[in-house]
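Notes follow the structure.
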Amino acid sequence: MTARERHAALIEAMIADGTLTDPALIDTFRAVPRHRYIPESGALTHHGTPLNAVNNPELWLAAVYTDDAIGTRVEGVGLPRQRGETASEPRSTPPRVATSSSSAPTVLARMLELAELANGQHVLEIGTGTGWNTALLAHRLGDSAVTSVEIDARVAATARGTLHAEGYSPSVEHADGYGGWPSGAPYDRITSTCGVRRVPPAWTRQTRAGGLIVCPWGLLEGAGVIVRLERAEDGSVTGTFHGGVGFVSLRTPGPSAPPVRDSGQQPDEYRLTQTDPLAPLTAFTSAFALSVLVPDWRVRRRWIGTGSGVWVCDHSGESWVRVYPYGTSWMIEQGGPRSIWDEFEDALAQWERLDRPEPERFGLSVDAEDGHRVWLDSPDGPGWTV
């Protein structure tokens, strides 16, 4: 299939499954093909396969029009996890850290549909990346309506050049997206292709009353969602979650969290269980609930001689859990000032009492003082400070 045929097939598939419904967005996606914004070399599939349009054009083109993210700038170790891939799921290749990527087409389509774009709006995009989403916004709203910020100067320069070559000239600024872009505020819409644990205060300040913020949000890698927040007159924002998603995380102030790895401590407590303890951590719905109900924890798959287990710890690494197969049973070891596994069990019992709610039943409110609260069913319903 040619690039044109693959592009057309992708758009028709997104229309058929209901991902794209807005006629103006359908026209926009038809007019802005993804392959124009993917580098011919140096990119990776989400499985870690190198892509080169010259040496293997069929593989490159097939990857471009597969509904997955493509890592376009990779450093060290961890590509963003994809929709449906859990935090503790093993990978076929060593992980890499993607500092820039082209998001999966259906994810961009879902976000732009949620943004309810309309003529006359002024939009700030956080994370220019390859420029494909920037081009979609510019085509839909006009160049002068779109400002995009990118923390990596080289990525910003490349995207700016690609956009100009394709006939678009939105404002592409080299800046830290955590601070938004104050000189262009207020905005009717702020969209981010970077995931956040906390909505940056600058975004809420720079959004017009009645305006929307649409971005990936999540407390646990592999259990993220898209959130759509509306700003009130008092400066607060509130909104609901919309399905699972994986994204490159927004770089935030302060030191990076240490790697999640088994540090070899001896346990304070251990127990055996016949019930698979990994299931709640590997199923998206329960993992998302645990990320909300249990504060401050991270997880990674752990491989040992008896099979595949997990290592869980808090951000300081002081409290931890080690889970691994032990004969026909499972061994659970934990140590540190917190009993994280006990907290998991209590949270899962609470989730069961709440009738195992899906992520879409939860929502997020951020008050004018930056207090974050996740709630169930309505802002007045049960809630958890996060």
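The values are calculated or read from the model by the stated rules, or taken from the named source; none is laboratory data. Just so it is clear, the structure is predicted and the values come from calculations on it, not from any experiment. Glycine gets a Cβ as well: all are built from the backbone with ideal geometry, and neighbour counts include every protein chain shown. Protein only, heavy atoms only, side chains kept; ligands, DNA and RNA dropped before computing areas. Shrake-Rupley method; radii C 1.70, N 1.55, O 1.52, S 1.80 Å.
In this view, the solvent-accessible surface of Leu364, computed with a 1.4 Å probe and all protein chains in place, comes to about 0 Å². Amide H contacts for Ser100 (H built 1.01 Å from N in the peptide plane; partners 5 or more residues away or on another chain; cut-off under 5 Å): Thr72, Arg73. Net charge in the neighbourhood of Gly264 (other residues with Cβ under 12 Å of its Cβ; Lys, Arg +1, Asp, Glu -1) is +1. The H on the amide N of Tyr326, modeled in the peptide plane, is under 5 Å from the matching H of Met331, each at least 5 residues off or on a different chain. Would you work out what percent of the accessible area of the chain, with all protein chains in place, is carbon or sulfur (probe 1.4 Å)? Exposed carbon and sulfur together represent 51 percent of the surface. Rounded to the nearest 5, the antiparallel percentage of DSSP beta bridges internal to the chain is 75%.
Projecting the Cα atoms of Trp203, Gly371, Phe247 onto the charge dipole of the chain, computed from C-beta unit charges around the Cα centre, puts Phe247 farthest toward the positive end. What the phi angles of segment 289-306 give under the Karplus curve with 6.51, -1.76 and 1.60, with θ = phi - 60°, is a coupling list of 4, 5, 5, 8, 7, 10, x, 6, 8, 9, 9, 9, 5, 10, 9, 9, x, 8 Hz, glycine and proline written as x. Taking θ as phi - 60° and the Karplus parameters 6.51, -1.76 and 1.60, the scalar couplings of segment 191-207 work out to 10, 10, 9, 10, x, 10, 8, 9, 5, x, x, 4, 5, 5, 5, 8, 9 Hz in sequence order, x denoting glycine and proline.
For segment 12-55, what is the relative contact order in percent, using Cα pairs closer than 8 Å and at least 6 residues apart in sequence?
Values: 22 pairs, mean separation 9.3, N = 44.
It rounds to 21 percent for segment 12-55.
Near the amide H of Glu173, within less than 5 Å, lie the amide hydrogens of Ser148, Val149, Glu150, all on another chain or at least 5 residues away, with H placed in the peptide plane.
Between Ser41 and Ser263, the modelled labels are 4.3 nm apart [label points 7 Å from Cα along Cα→Cβ]. Given R0 = 22 Å, the distance between the Cβ atoms of Thr385 and His315 translates into a calculated FRET efficiency of 0.85.
Once you have the Cα-Cα distance between Asp355 and Glu116, take 0.36 nm times their residue separation minus that, and quote the gain in nm to one decimal. Please list the in-between numbers first.
On the way: separation 239, 0.36 × 239 = 86.04 nm, distance 3.16 nm.
Value of the extension gain: 82.9 nm.
Before rounding to the nearest 500, sum -39500 (n - 2.57) across all DSSP H runs of length at least 4 in the chain and divide by the residue total; then give [θ] at 222 nm in deg cm²/dmol. Each step should come with its number before you reach the end.
Details: 10 runs with 98 residues, N = 386.
That comes out to -7500 deg cm²/dmol.
Just add up the charged neighbours of Pro379: K/R +1, D/E -1, any other residue whose Cβ is under 12 Å from the Cβ of Pro379. Spell out each step's value before the answer.
Numbers: positive: Arg373; negative: Glu230, Asp367, Asp377, Asp380.
Here the count lands on -3.
Each other residue within a Cβ distance under 9 Å of Ile332 adds +1 if Lys or Arg and -1 if Asp or Glu, for a net charge of 0.
The residues of the chain expose on average 43 square angstrom of accessible surface per residue, using a 1.4 Å probe on protein heavy atoms. Taking θ as phi - 60° and the Karplus parameters 6.51, -1.76 and 1.60, the scalar couplings of segment 170-187 work out to x, 7, 10, 10, 7, 7, 7, x, 4, x, x, 9, x, 5, x, 6, x, 10 Hz in sequence order, x denoting glycine and proline. Averaged over residues, the count of other Cβ atoms within 10 Å places the peptides 278-285, 323-330, 237-244 in the sequence 237-244, 278-285, 323-330, highest first.
When each of the peptides 369-381, 41-53 is scored by how many other beta carbons lie within 10 Å of its residues on average, the order from highest to lowest is 41-53, 369-381.
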